[in-house]
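This report concerns only the one structure given below.
Just so it is clear, none of the values below were taken in a lab; they were calculated from the coordinates. On a predicted model such as this, the values are computed, not experimentally measured, just so you know. Quick reminder, even Gly has a Cβ in these numbers, built from the backbone with ideal geometry, and neighbours come from all protein chains shown.
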Amino acid sequence: MSVWQAIILAIVEGLTEFLPISSTGHMIIASSLMGINELPITKIFTVNIQFGAILSVVVLYWRRFLQSTDFYFKLLIAFVPAALLGFLFNDIIDSMLESVLITAIMLLVGGVVLLFVDKWFRHANSEKVTYKNAFLIGLAQCLAMIPGVSRSAASIVGGLAQGVDRKTAAEFSFFLAVPTMLAAGTYKLLTDLLGLEISDLLSFDLVKIQNSFKVITSDDLQLLLVGNFVAFIVAMIAIRFFISFLTKYGFKLFGYYRIALGIALLALLAMGVDLRV
């Protein structure tokens with residue numbers, strides 16, 4: 001993977017991670033079109049640069065993260081469902097992530113849903129997320145374990161369904177991304193990609209942990225640093241744009257875009273293009 005390829009993937013990650021359009025589908029297309037989807041570093045890279053995107057939320061909303069413990073309790077309540085299901089069904093989730101067909105279908109289904117979300121929840125106007133809201137948003141987020149659904153779309157629609165307004169639902173989705181993506185990314189990086197077992201982490205087997213990181217070369221580390229920095233900057237811009245656009249225009253354009261992307265993926269599959277990430 002070249003530096004320019006790393007930058008392109010990081011731009012894609014930063015642009016799509018917090019928009020309701022599924023970053024997974026975009027990363028599959030981008031890495032496949034550049035011919036790097038089968039490289040060992042690609043999987044590590046696509047997981048790792050999510051940390052840069054996460055950091056953008058903390059920096060943009062740092063004042064919110066210094067609020068009362070009530071803020072963190074709500075995030076914890078919303079985080080628990082995905083944490084439990086992700087831990088219990090990790091193998092099933094991983095097998096689904098390998099299916100580009102599922103990703104394409106869910107892009108289409110989610111796109112159709114977004115076309116009607118504004119009409120369905122036009123009376124959603126609450127600017128407060130209650131504990132009950134937080135838990136139900138967390139349950140909705142679990143749908144994003146199916147590739148192509150979009151964590152952002154699932155959690156935002158989950159908030160709207162309970163009467164929370166667009167801006168508040170979107171921002172809570174951003175906040176919830178921090179513990180969710182941090183936990184999922186760290187777990188996947190250590191276990192799936194570096195070959196560590198949970199027992200190694202719990203027993204703090206330093207020798208095995210150190211040896212596992214030797215699969216990452218100095219060149220790879222440089223790519224990861226560049227990728228995280230680019231994803232961080234682009235995600236900050238994308239979040240600002242999304243909040244402004246969403247409050248004015250709603251979800252319909254994102255729905256049409258998802259449908260177009262889903263059709264594009266199905267077309268590439270039909271042509272025999274090797275799509276995987």
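When its C-alpha radius of gyration is set against 2.2 N^0.38 Å (N residues), segment 1-71 gives a value of 1.32.
Rg over Rh for segment 3-270 works out to 0.96, both radii taken from alpha-carbon positions and Rh defined as the Kirkwood radius. Taking each DSSP H run with n ≥ 4 as -39500 (n - 2.57) and averaging over every residue of the chain yields -23500 deg cm²/dmol at 222 nm. Using alpha carbon coordinates only, what is the Rg to Rh ratio of segment 1-152, with Rh defined as the Kirkwood radius? The Rg/Rh ratio comes out at 0.99.
Our estimate of slack between K132 and S95, defined as 0.36 nm per intervening residue step minus the Cα-Cα distance, is 10.2 nm. Is there a pair in K74/K167; K119/K248; K119/K167; K188/K252 whose C-alpha atoms are over 26 Å apart, and which pairs would that be? Check vs 26 Å cut-off fails for K188/K252. Legend: P(r) of segment 54-95 from all alpha carbon pair distances, 10 Å bins from 0, whole percents, reading 25, 35, 29, 12. Descending by average beta-carbon neighbour count within 10 Å, the peptides 116-124, 79-87 line up as 79-87, 116-124, the highest first. Rounded to the nearest Å, what's the spacing between the alpha carbon centres of segment 1-67 and segment 130-183? Just the number, please. Taking the Cα centre of each part, segment 1-67 and segment 130-183 sit 19 Å apart. What is the diffusion coefficient of segment 227-277 in µm²/s, taking the Kirkwood radius over Cα pairs and the Stokes-Einstein relation at 20 °C with a viscosity of 1.002 mPa s? Rounded to a whole number, D works out at 160 µm²/s.
Helices in the chain that qualify as membrane-span-like (whole DSSP H runs, Cα extent of at least 18 Å along the helix axis, mean Kyte-Doolittle hydropathy of 0.0 or higher) are 3-16, 69-88, 100-120, 166-187, 218-249, 252-270. On the beta carbon distance between W120 and F229, with R0 = 35 Å, the FRET formula returns roughly 0.35. The residues packed around F174, meaning those with a beta-carbon under 12 Å from its beta-carbon, carry a net charge of +2 if Lys and Arg are +1 and Asp and Glu are -1.
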